[in-house]
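Following: one structure in structure tokens, then a few remarks.
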Amino acid sequence: MSRTVSPELFRELPSVDELLRVPEVSALAAAHGVSPVTDAARAVLAQLRDAISSGLLDGPGLAMAVQGIAAALERQLRTALTYSLRPVINATGVILHTNLGRAPLGEPAIEHVRETSAQYSNLEFDLKSGERGKRDVHVERLFQRLLAEVISTGQADSVSTIVVNNNAAAVLLALNTLADGSEVIVSRGELVEIGGSFRIPDVMAKSGAILREVGTTNRTRVADYRNAITDRTRMLLRVHRSNFEITGFTEQASTAELAALARERGIPLMDDLGSGALVDLQSLGIGDDSSVFDSLRAGVDIVTFSGDKLLGGPQAGMISGQPSLVNRMRSNSLFRALRVDKLTYAALEATLLAYVKRDHDAIPAVRMMRLSKDAIGKRAEALAASLRASQLSPKVEIETIDGESVIGGGAAPSSVLPTRLLALSSANTSANELATLLRSSDPPIIARVEGGRVLLDLRTVFPEQDGAIAKVLAALRGNC
């Protein structure tokens with residue numbers, strides 16, 4: 001049964017001008033400006049009108065709401081003037097968590113971004129000649145040093161690298177430059193879709209390249225590629241299978257086989273690694289992903305990879321390979337549309353410099369991958385002990401258990417790293433409700449829920465954040 005709303009209730013609401021004359025509201029306007037406070041007042045009044053219209057407020061209820069309207073306006077203003085993008089504590093154990101911003105930057109990268117953004121820089125200025133320069137020189141020199149071992153083994157005469165805003169842009173630019181209006185051969189088992197319904201065939205269509213599928217979902221041989229090559233073929237493309245793997249009755253042409261076929265037929269081979277690493281993945285316990293070195297050593301002509309995944313830097317897309325091919329992409333008008341800004345170059349330069357110095361601990365994502373189960377377990381036990389000593393809550397149980405961390409970000413989908421987890425459970429509060437309370441804390445703590453428990457993996461938690469987690473968990477005693 002619908003309620004009858006009295007028009008008199010709406011007349012009880014103050015006008016915006018009346019609200020602005022209230023002393024508490026006037027003080028807010030003096031501190032934050034009249035315009036934001038006015039917007040907040042309109043929003044609060046609109047909420048009250050909606051509550052009246054829906055029958056949620058009667059006369060006495062409205063009187064109480066109007067009495068506290070200044071406080072409601074202050075809360076509305078605080079929400080409106082707070083950053084939406086904010087730091088969170090990643091306790092999921094997913095190192096390259098796409099929804100949480102993927103790879104965090106190291107301190108050297110943050111400092112280089114700060115100093116570059118706060119002042120003018122030589123982004124496109126040659127200090128020696130005093131003339132206009134190229135922005136990609138700041139990182140290409142470092143890529144050349146890092147990829148020098150590929151050149152020294154004779155796998156390539158030289159390697160050039162350019163940077164665009166992400167790996168999808170790198171793939172788009174490479175395909176448009178080298179195969180616009182022509183065919184590109186790809187295995188059916190590599191026509192992947194990644195997050196956000198982003199599909200390789202769609203990128204190819206936007207680039208102007210024509211997709212030529214070969215093989216089957218589970219088996220594609222080098223002969224399939226060979227038989228599909230025609231006068232219209234301009235490229236062979238290998239695509240990393242992000243976020244999934246195919247097992248069982250399978251066969252896949254090796255990168256070396258495809259490289260040999262490409263050389264034989266005089267067409268380039270491109271390897272879309274998606275993630276891409278500049279470290280020995282075996283040493284990190286990751287055995288099923290190719291590094292940039294692996295691809296170039298195998299004879300790939302063009303490699304595309306991301307900056308904010310296994311590389312551990314900012315969001316960016318790199319294109320490394322034969323200078324003649326890379327220079328053609330640099331001359332494509334799309335390159336300017338897809339280029340990155342000075343902040344990305346600053347963060348990327350600092351990250352690459354850490355690789356040159358072999359200071360891998362300066363790269364948080366790499367450092368997290370290298371953490372041992374024992375080191376994580378000691379932190380987890382210490383945190384659990386401190387919470388038990390502070391009487392976390394008689395209704396919340398905490399224990400440490402074995403578990404697994406994952407790489408995330410579409411990298412090494414079948415690789416896991418052994419870890420120790422903090423497991424929380426409550427007799428009165430469900431695991432999902434506990435996870436919601438953690439997300440609502442300050443700072444928000446993002447955990448995962450499995451088997452009716454909330455699990456926190458300290459592999460992806462910075463050690464200096466352990467205290468914040470302890471404080472938030474200790475505060476749960478009043479909510480569980």
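The values are calculated or read from the model by the stated rules, or taken from the named source; none is laboratory data. These figures come from a predicted structure and were not determined experimentally. Glycine gets a Cβ as well: all are built from the backbone with ideal geometry, and neighbour counts include every protein chain shown.
Checking the stated criteria, Thr351 turns out not to satisfy the condition of being assigned by TED's automatic domain parsing to the domain that holds Ser430, polar (S, T, N, Q), closer than 24 Å to Gly93 by Cβ and surrounded by 15 or more Cβ atoms within 10 Å (Cβ to Cβ).
Contact map, the range 51-80: residues that are within 21 Å of Ser35 (Cα to Cα) paired with residues that are not hydrophobic (A, V, I, L, M, F, W, C), Cβ distance under 6 Å, separation 6+ or inter-chain. Pairs shown: Ala70/Glu24. Restricting the range 173-189 to residues that are at pLDDT below 95 and assigned to a helix (DSSP H, G or I), the residue that is surrounded by the most Cβ atoms within 10 Å (Cβ to Cβ) is Gly189. When the test is whether a residue is over 21 Å from Gln144 (Cβ atoms) and of a type outside the set (Val, Ile, Thr), Leu258 passes it. So for the range 53-64 (the condition being assigned to a helix (DSSP H, G or I), surrounded by 13 or more Cβ atoms within 10 Å (Cβ to Cβ) and acidic (Asp, Glu)), does at least one residue qualify? No, the range 53-64 has no match at all. Considering the conditions (1) under 30 Å from Arg439 (Cα atoms); (2) out of contact with any Asp or Glu (no Cβ under 9 Å at 6 or more places or on another chain), Pro60 is excluded by exactly one of them, (1).
Applying the condition of being outside any strand (DSSP E or B) and in contact (Cβ under 8 Å) with a residue 12 or more places away in the chain to the range 261-275 and asking which residue is nearest to Val326 (Cα to Cα) yields Pro268. Looking only at the range 193-202, filter to residues that are surrounded by fewer than 19 Cβ atoms within 10 Å (Cβ to Cβ) and in contact with a helix residue (DSSP H, G or I) (Cβ under 8 Å, 6 or more places away or on another chain); which one of those is nearest to Arg328 (Cα to Cα)? The selected residue is Phe198. Those helices (runs of 4 or more DSSP H) of the range 287-391 in which 1 or more residues are within 25 Å of Glu115 (Cβ to Cβ) and under 25 Å from the mean Cα position of the chain (by Cα) occupy 342-356, 364-370.
Where the second residue is of a type in the set (Lys, Arg) and surrounded by fewer than 16 Cβ atoms within 10 Å (Cβ to Cβ) and the first is touching a residue at least 12 places away in the same chain (Cβ under 8 Å) and more than 23 Å from Leu338 (Cα to Cα) and lies in the range 201-214, which pairs have Cβ atoms under 6 Å and are six or more apart or on separate chains? Here the result reads Glu213/Arg188, each pair linking the range 201-214 to a residue that is of a type in the set (Lys, Arg) and surrounded by fewer than 16 Cβ atoms within 10 Å (Cβ to Cβ).
Within the range 388-403, residues that are over 26 Å from Pro418 (Cβ atoms) sit with their Cβ atoms under 7 Å from residues that are in a loop (DSSP other than H, G, I, E, B) and at pLDDT 80 or above, at 6+ positions apart or across chains, in these pairs: Lys395/Ala427; Lys395/Asn428.
If you go through the range 16-23 one residue at a time, do you hit one that is free of Cβ contacts under 8 Å to residues at least 40 places away in the same chain and under 34 Å from the mean Cα position of the chain (by Cα)? Looking for residues that are free of Cβ contacts under 8 Å to residues at least 40 places away in the same chain and under 34 Å from the mean Cα position of the chain (by Cα), one finds none in the range 16-23, hence no. Applying the criterion of being of a type in the set (Gly, Ala, Ser) and part of a loop (DSSP other than H, G, I, E, B) to the residues of the range 418-469, the residue that is farthest from Ile407 (Cα to Cα) is Ala427. For the range 344-372, the set of residues classified as touching a residue at least 24 places away in the same chain (Cβ under 8 Å) and among the polar types (S, T, N, Q) consists of Thr344, Thr351, listed by residue number. Filtering the range 122-150 to residues that are in a loop (DSSP other than H, G, I, E, B), under 22 Å from Arg336 (Cα atoms) and out of contact with any helix residue (DSSP H, G or I) (no Cβ under 6 Å at 6 or more places or on another chain) leaves Asn122, Glu124, Gly133, Lys134, Arg135, Asp136.
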